[in-house]
Amino acid sequence: MRPADRLFRIIQLMRATGRAMTAAEIAEKMEVAPRTIYRDMEHLMASGAPIEGERGVGYVLREAFDAPPLTFTFEQLEALAFGLRAVEMLGDPRLGQAAREAKEKMLGMLPMEHAERLISAPIHAFRSSAQPEVPDCLGDMRSTLSGKRKVWIAYHSLPGERSQRVVWPLGLAAFGAIWVMTTWCEMRQGFRDFRLDRVEDWKAMPDRFDPAPHQTYQAYLQQLS
């Protein structure tokens, strides 16, 4: 993350929290070392940001402070517009609703000219009649992934084989309208990809998983590179 982006996120975090925060708390949210936050705070305070506090005590943002409005280039706004519209087309209903809500929040933070560009960007995403519908299980699989919960699935592979597995959902990828879930399969003790439109039945389990470094989605992606 660029230092300028991190400084902006620190301000936004302190505004949202509305209370004094220690450097350790902020560092955990920013995923950096506390000493980095100390330097950032010194920079923000020297730049005139209304932050009060000191090392070992904590920092608080005065309520009167208003961050400058978000600004984007026209191409960045086109990218955001396309991304939000693609999510509405390819995602499950909850994900589509989240995209619409995110757009409304952005419109409220952007300058008027940029808000109009986000709305009217001439780049769209559509679903053709030949594309399969969004898999029924997509929303549930997203929930198990974020909660690190194991899931039982009944799967019908393309060659026609049926199997039942207990898997650890690690990541989701959309290939056009085809959603693929990458998992750690307990039966095979290895990474396995499953097309969600081939999942015939599923059940989220109460058990949670804690992948070792070689079982993570990052490890899977490294194998592909």
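The values are calculated or read from the model by the stated rules, or taken from the named source; none is laboratory data. Quick caveat: nothing in here was measured; it's all calculated off a predicted structure. Virtual Cβ from ideal backbone geometry, glycine too; neighbours counted across all protein chains shown. Note: areas computed on protein heavy atoms with side chains; ligands, DNA, RNA excluded. Shrake-Rupley method; radii C 1.70, N 1.55, O 1.52, S 1.80 Å.
For residue 136, the solvent-accessible surface computed with a 1.4 Å probe is close to 140 Å², ligands and nucleic acids excluded. Extending 7 Å from Cα along the Cβ direction at residue 223 and again at residue 208 yields two label points whose distance is 2.5 nm.
Candidates [x] 20.9; [y] 19.0; [z] 20.1; which is the computed Kirkwood radius over Cα pairs in Å? Entry [x].
Site pair residue 95 and residue 109 shows an inter-label distance of 2.2 nm when each label is modelled 7 Å from Cα along Cα→Cβ. Rounded to the nearest whole Hz, the Karplus-based 3J(HN,Hα) values (6.51 cos²θ - 1.76 cosθ + 1.60, θ = phi - 60°) of the stretch 200-216 follow the sequence 8, 7, 7, 7, 5, 9, x, 5, 9, 10, 10, x, 6, x, 7, 10, 8, with x at glycine and proline. Contact order, relative form, for the stretch 74-120: 45 percent (alpha carbon pairs under 8 Å, 6 or more residues apart, mean separation divided by residue count).
Per-residue ellipticity at 222 nm, computed for the chain from helices alone with -39500 (n - 2.57) per DSSP H run of at least four residues, works out to -13500 deg cm²/dmol.
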